[in-house]
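The block underneath contains the structure these notes are about, expressed in structure tokens.
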Amino acid sequence: MLALLLSCARNAVPEPVLSTTTLSVSGHTITVELADTPDLRRQGLMERTALKPDHGMLFIYPDERPRSFWMKNTPLPLSITFLDSLGRIVRLADMAPLDETSTPSRYPAMYALEMEQGWFLKRGVSAGDRVEGLPGPSQE
């Protein structure tokens, strides 16, 4: 039995180790992994099956423009907020696991923040609210 567990552990796909930072969303503190390069943004939360409580992923872009996300290879139900360059939420949406339908920002956004589905709703976060502590734009 121990040999089987060790074999499974060796074959497990490790979670990537990304830089993190702490943000404040309507008075709630969260920890986010930073997806600030094209490769990290492309990978996103694919293949993840869980997030720690009050943890998510912040996608950082070099400019502010309309953005679009999908859930290809992402079995975890997520909520997304799109943020402008000042950290104002311009759109909130829920995304279904493994759904390849595009979820557009509808307005120009420099950031996208993904959290466990329902996180924003449970805390009364809505469009127009601000996210504090955002890093500057991505360099790529």
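The values are calculated or read from the model by the stated rules, or taken from the named source; none is laboratory data. Everything numeric in this text was worked out from a predicted model, so none of it was measured. With ideal geometry, Cβ positions are generated from the backbone for all residues, glycine too; neighbour counts draw on all protein chains shown.
Taking the range 87-96 only, how many residues are assigned to a strand (DSSP E or B) and small (Gly, Ala, Ser)?
Within the range 87-96, the subset assigned to a strand (DSSP E or B) is 88-95.
If we keep only those that are small (Gly, Ala, Ser) as well, we get 93.
Summing the residues that are assigned to a strand (DSSP E or B) and small (Gly, Ala, Ser) in the range 87-96 gives 1.
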Test: ALA112 is free of Cβ contacts under 8 Å to residues at least 24 places away in the same chain and out of contact with any Cys (no Cβ under 6 Å at 6 or more places or on another chain): no
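Tally up the residues in the range 97-120 that are within 21 Å of GLU33 (Cα to Cα), among the small types (Gly, Ala, Ser) and not in a strand (DSSP E or B), please. So that I can check it myself, show each step before the final result.
Residues of the range 97-120 that are within 21 Å of GLU33 (Cα to Cα), as a first pass: 97-98, 103, 105, 109-120.
Still in the running and among the small types (Gly, Ala, Ser): 105, 109, 112, 118.
So of that shortlist, the ones also not in a strand (DSSP E or B) come out as 105, 118.
So the count comes out to 2.
Only one of ALA50, ALA93 is over 24 Å from SER126 (Cβ atoms), small (Gly, Ala, Ser) and within 14 Å of the chain's Cα centre (by Cα); which?
On the way: ALA93 fails: over 24 Å from SER126 (Cβ atoms).
Residue meeting the stated conditions: ALA50.
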Single unsatisfied condition, ASP63 versus (1) in a strand (DSSP E or B); (2) surrounded by 13 or more Cβ atoms within 10 Å (Cβ to Cβ): (2)
Search result, residues across the range 23-44 that are surrounded by 19 or more Cβ atoms within 10 Å (Cβ to Cβ), touching a residue at least 40 places away in the same chain (Cβ under 8 Å) and farther than 13 Å from LEU134 by Cβ: GLY44
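When you scan the range 69-96, how many residues do you find that are of a type in the set (Gly, Ala, Ser) and closer than 19 Å to GLU33 by Cα?
As a first pass, look at the range 69-96 and keep what is of a type in the set (Gly, Ala, Ser): 79, 85, 87, 93, 96.
Then drop every residue that is not closer than 19 Å to GLU33 by Cα, which leaves 79, 85, 87.
Residues that pass the stated criteria total 3.
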Residues satisfying the stated conditions in the range 95-140, i.e. out of contact with any Asp or Glu (no Cβ under 7 Å at 6 or more places or on another chain) and of a type in the set (A, V, I, L, M): MET95, ALA96, LEU98, ALA112, LEU113, MET115, LEU121, VAL125, ALA127, VAL131, LEU134
Close pairs (8 angstrom Cβ cut-off, 6 or more residues apart or separate chains): farther than 25 Å from GLY124 by Cα in the range 61-86, of a type in the set (Lys, Arg) and surrounded by 23 or more Cβ atoms within 10 Å (Cβ to Cβ) anywhere: TYR61/ARG67
Matching residues, the range 34-46, being outside any strand (DSSP E or B) and either closer than 15 Å to ALA112 by Cβ or at pLDDT below 95 (or both): ASP36, THR37, PRO38, LEU40, ARG41, ARG42, GLN43, GLY44, LEU45, MET46
